[in-house]
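Some notes on the structure that comes next.
The values are calculated or read from the model by the stated rules, or taken from the named source; none is laboratory data. Bear in mind that the values here come from a model prediction, so they are computed numbers and not experimental data. Here Cβ is always computed from backbone atoms with ideal geometry, including for glycine, and neighbour counts include all displayed protein chains. Ligands, DNA and RNA are excluded from the accessible area calculation, which covers all protein heavy atoms including side chains. Shrake-Rupley method; radii C 1.70, N 1.55, O 1.52, S 1.80 Å.
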Amino acid sequence: MYMKALKMKLLTILFLTVSYPAFGASFDKGLDCFNKKDYVCALNEWEPLSEAGNTYATGNIGHMYKEGLGVKQDYHKAIKLLREAVMGGNPEAMLNLGFMYQKGYGIEQDLFQASLLIQLSALYDNEVAQFKMGVYYFVGAGVKQDREVAKVWLKKSCHNGVQDACILLTSVTDLAGDKELLDMLANFTKGML
């Protein structure tokens, strides 16, 4: 009896693994549609995937509702979908939901909550989230100001190709001994939040 149950579990895993490429093909088609700004097509591809538990499709749909892309902008629906995707481990959804907390879109502005979500995304090697964490630590938004930690995040983001991170890192490094200029740069940088 135990062996039969084990065989059924293994067959189920094998079936899910073999059928995954078809699952991914619809996601890729949705991504192609999205990149061509055919948001109706993207939504049609991603909704069934989202309903089947694909957190990347769910996160992308949440982003569409956040921005009003092909759908009526609805922050509350975006938050619901992005939270669902975050719970499934989607780093892009973490970043998007973090931005919503940062700006107070459909939710009370909360820089601490934003920093937690964005840092989670950064830990998944999301270069934009790494840049944001560099800015957060540099200006002390949602986290205790720590310019050394800021440089670590900016260096990672720069290494991953974010030009703004490279520029800010160079500025922070060049001004390292001048607290007054660093504070002025931090005030200017708050505009990046």
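Here are the numbers for the structure shown:
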{"read-out": "Crossing angle, helix 111-123 versus the chain [Cα axis fit, 0-90 degrees, rounded to tens]", "value": "70"}
{"read-out": "Relative contact order of the chain, defined on C-alpha pairs under 8 angstrom at six or more residues apart (%)", "value": "10"}
{"read-out": "Apportionment of accessible area to carbon and sulfur, the chain, percent (1.4 Å)", "value": "60"}
{"read-out": "Dipole magnitude of the chain, debye to nearest 20 (Cβ charges: Lys/Arg +1, Asp/Glu -1, about Cα centre)", "value": "560"}
{"read-out": "Amide H contacts of GLY70 (H built 1.01 Å from N, under 5 Å, at least 5 apart or other chain)", "value": "none"}
{"read-out": "For region 168-184, Karplus couplings with θ = phi - 60° (6.51, -1.76, 1.60), whole Hz, Gly/Pro x", "value": "5, 4, 4, 5, 5, 5, 5, 9, 3, x, 10, 4, 5, 5, 4, 5, 5"}
{"read-out": "Per residue solvent-accessible surface (Å²) - region 78-193, probe of 1.4 Å", "value": "50"}
{"read-out": "log₁₀ of I(q)/I(0) at q = 0.10, 0.13 Å⁻¹ - the chain, Debye sum with one point per alpha carbon", "value": "-0.52, -0.77"}
{"read-out": "The chain - mean residue ellipticity at 222 nm from DSSP helices (-39,500 (n - 2.57) per run, n ≥ 4, rounded to 500)", "value": "-25000 deg cm²/dmol"}
{"read-out": "Candidates VAL139, VAL86, VAL40, ranked by Gaussian network fluctuation over the chain, Cα under 10 Å, top entry", "value": "VAL40"}
{"read-out": "Listed residues PHE99, TYR65, ALA85: farthest to the positive end of the dipole of region 41-122 (Cβ charges)", "value": "PHE99"}
